[in-house]
Amino acid sequence: MFEKLRYLTAGESHGQALACVIDGIPSNLYLSAADIDKELSRRQKGYGRGGRMKIESDHAQILSGVRRGKTLGSPITLLIENKDWDNWCDVMSAELNDPKLKTQNSKLKAVTRPRPGHADLAGAIKYNTNDIRNILERSSARETAARVAAGATAKKFLSEFNIHVISYVVEIGGISGQQSAVSSQQNEKKLLSLFNKAEASPVRCPDKDIEKKMISKINNAIRKGDTLGGVFEVVVLGIPVGLGSYSQWDKKLDAKLAYALMSIQAIKGVEIGLGFEMSRRSGSDVMDEIYYRAQKRGSAEARKSSKLPNFRTSELYGFYRKTNNAGGIEGGMSNGMPIIIRAAMKPIPTLRTPLSSVDIISKKPFKAAYERSDVCAVPAASVIGEAVTAFAIADSFLSKFGGDSMEEVKRNYEGYLRQVRNF
Ligand code: EPS
């Protein structure tokens, strides 16, 4: 499914650090720890986060693959230390019975109460352990810091081609109303403005009135000891026509994006463009009709005179659409319009309201309730959505224009754009 670019993450939530190895980024891309830290800090924000975010201030150390500010074309290793490790180094030690440890192995207190909605019970049975800590440490969404770090490298790569991945929150706990990028009046300028407003919002919602209602809903959940989910929208601007393919199931761009988004902790649904709504309407109502304009507005001259980057690459070749219900993907390929993806996050399963569960040792029922937890992490999930989307797009881009160095990829891309312009 991912052909040219891959990454693996490692690390436990309260372990020493998170790590990420990224393979396939070409040589000669400028990349700094600051590029990655900027994204890490965006992920840490958001109204409704719990106490842990006050402890962490994520920073990526680049351990390999970059020299003097430029990638080498070799695997990039990133390390993000967990500040909370100081409070957990005893419990999470890798040593069996180090005399320096405060709690000897035999005295460690096991977690035996599975939280409904978490990986706890299925994980304990599958990995054959009586201590659910062995499961919850890795299934925790702390891992998404490493994914955002991987996504930051993909974003840096894409920015060299004027491709940008943005996102905002459209729904929290049933409070909706934020306009989607699918609505026909949303051009690139408006989308960028939505994004800039979202960046300044504690819930990443561009609309101030809806933001207020979302915050009050979160406050209500905090009071009640409950949690909330929501929906965020990711938009890719500046995408060329022809990424992905209809020719094989695992090359379809929409399939790749859905895979990437669904792999984020707590995501339960993904839509492209109008998504499920399309199934409720008739064909004549949803297809994005095709028009042609001889004047090539995407020409170098037009680009120079415009203050905005040339996002609407579909105009490079004269063909254009007035609507984008398809969300920029037809037949598993990008069609040059912005790509629009929405993902639904379930409410966080760790909550203060007691829920029925059963102890895995005594097999006795108990009421699960926890002290420290996020109440709403949808704004953070939105940033994580950008990261995994950027990675999937970068992989498709490299599959089509692949090369070992940035210079080679750029030559290949420019050659293709010439072909498209002359179509
Ligand atoms: C998480 C539980 C909380 C969250 C954590 C995800 O951590 P803790 O158990 O330490 O309070 O804060 O998210 C992060 C640490 C993060 O960086 O996003 C969970 O169980 O998934």
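Quick notes
- Comparing mean-square fluctuations of Ala110, Ala387, Ala266 from a GNM of the chain with C-alpha springs under 10 Å, the top value falls on Ala110.
- Each Lys or Arg adds one and each Asp or Glu subtracts one; over the other residues with Cβ under 14 Å from the Cβ of Glu3, this totals +3.
- Relative to the longest principal axis of the Cα atoms of the chain, the long axis of helix 406-421 lies at roughly 50 degrees.
- Convex hull volume of the C-alpha atoms in the chain, normalised per residue: 159 Å³.
- Tail beyond 21 Å, pair distance distribution of region 72-173 (Cα, percent): 59 percent
- Accessible surface computed residue by residue for region 1-59, with neighbouring protein chains in place and a 1.4 Å probe, gives 45 Å² per residue.
- Dipole in debye (nearest 20) - the chain, about Cα centre, beta carbon charges: Lys, Arg +1; Asp, Glu -1: 740 debye
- With K and R counted +1 and D and E -1, the other residues having a Cβ less than 10 Å from that of Asp288 yield a net charge of 0.
- Computed over the chain with a Gaussian network model linking Cα atoms closer than 10 Å, the most mobile of Gly11, Gly275, Gly283 is Gly283.
- Dipole magnitude (debye, nearest 20) for region 46-172, charges at Cβ of Lys, Arg, Asp, Glu: 80 debye
- Values of log10 I(q)/I(0) for region 142-216 across q = 0.12, 0.13, 0.27 Å⁻¹ run -0.42, -0.49, -1.16, by the Debye formula with one identical scatterer at each alpha carbon and no solvent.
- For the chain, leaving out every one of the GluC sites (Glu not before Pro) that falls in a DSSP loop and has at most 15 other Cβ atoms within 10 Å, the longest unbroken run is 161-288.
- Dipole of region 177-261, positive end: most advanced residue of Val182, Ala260, Ala198 [Cβ charges, Cα centre]: Ala198
- Per residue accessible area in Å² of region 184-225, where ligands, DNA and RNA are left out and the probe is 1.4 Å: 57 Å²
- Residues considered: Lys102, Lys400, Lys346. Largest GNM mean-square fluctuation over the chain, using C-alpha springs under 10 Å, is found at Lys102.
- Whichever aspartates and glutamates have a C-alpha closer than 19 Å to that of Lys70, once near sequence neighbours (fewer than 8 apart) are set aside: Asp23, Asp35, Asp37, Glu39, Glu160, Asp404, Glu407, Glu408
- Those chymotrypsin sites (Phe, Trp or Tyr not before Pro) in region 186-275 that DSSP places in a loop and that have at most 15 other beta carbons within 10 Å: Tyr246
- Each Lys or Arg adds one and each Asp or Glu subtracts one; over the other residues with Cβ under 11 Å from the Cβ of Pro26, this totals -1.
- Of the accessible area of the chain, computed with a 1.4 Å probe over protein heavy atoms only, carbon and sulfur atoms account for 52 percent.
- Each label point was placed 7 Å from the Cα along the Cα-to-Cβ direction; for Asn28 and Leu72 their separation is 1.8 nm.
- For region 119-172, the solvent-accessible area works out to 34 Å² per residue, with a probe of 1.4 Å and every protein chain left in place.
- Check: region 36-114 dipole with +1 on Lys, Arg Cβ and -1 on Asp, Glu Cβ, in debye: 320 debye
The values are calculated or read from the model by the stated rules, or taken from the named source; none is laboratory data. The structure presented is a predicted model; accordingly, all values stated were derived computationally and were not measured. Neighbour counts run over all protein chains shown; Cβ positions are idealised from the backbone, glycine included. For the accessible areas, the whole protein counts, side chains as well, though only heavy atoms, and no ligand, DNA or RNA atoms are used. Shrake-Rupley method; radii C 1.70, N 1.55, O 1.52, S 1.80 Å.
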